[in-house]
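The values are calculated or read from the model by the stated rules, or taken from the named source; none is laboratory data. What you are looking at is a predicted structure, and each value in this text was computed from that prediction instead of being measured. Quick note on the areas: whole protein, heavy atoms, side chains included, nothing else; ligands and nucleic acids left out. Shrake-Rupley method; radii C 1.70, N 1.55, O 1.52, S 1.80 Å.
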Amino acid sequence: MTLSIAAFGAFHEAIYGVRPFPWQERLLAQIEAERGWPRVLDIPTGAGKTTCIDIALFALALDTQREPADRWCARRIAMVVDRRVVVDQAAARGRLLLRHLAEPRTKVTEAVATALRTLAGPGDDPLAVFALRGGIARDDGWAQSPHQPTIIASTVDQVGSRLLIQG
């Protein structure tokens, strides 16, 4: 199966059992067309901002279909927020994505998993997921392989600590 923007709805439905909101599909089309994210996403609470993780991951899978010199997507998808509970929710979402990609049950999840595996190292999962926040054991696995597609959910404080003062 060749991935396309039109397949995002089926991907989202395969993972969550529901189609994405129209704005989420438009956002994917926009970032694909512009090869970049908008500077600001001004979206109300409860409108599905966390789905931006899925959008970024799907865009990365689409990007693997380009020649390496033409690729633009980052392999690290970071959701940085100021609430631990939201970090935990984003990390849980990432782990759910990983479960569906590690053992795909639909053609579209298999296509996304196959695309992401072309970026990961031999024998690696198609995706790695990490939560960085206070109150949990330190895990620097997110920094081990720059090639591995990775979702990182973190608090603002932890990103500053890990990047500026090395945890």
According to the square roots a ≥ b ≥ c of the eigenvalues of the Cα gyration tensor, what is the shape class of region 71-117, taking rounded for a/c under 1.5, prolate for a/b larger than b/c otherwise, and oblate for the remainder?
oblate
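Accessible area per residue of region 1-141 at 1.4 Å probe, in Å²?
Working: 7680 Å² over 141 residues.
That works out to 54 Å² per residue.
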Normalising by the residue count of region 6-67, find the relative contact order in percent from Cα pairs under 8 Å and 6+ residues apart.
30 percent
Taking the Cα centroid of region 93-124 and of region 37-54, what is the distance between the two, rounded to the nearest whole Å?
23 Å
What shape does region 1-107 take by its C-alpha gyration tensor, where a ≥ b ≥ c are the square roots of the eigenvalues and a/c under 1.5 counts as rounded, a/b above b/c as prolate, and the rest as oblate?
rounded
Given a cut-off of under 8 Å on Cα pairs at least six residues apart, what relative contact order in percent is computed for the chain?
24 percent
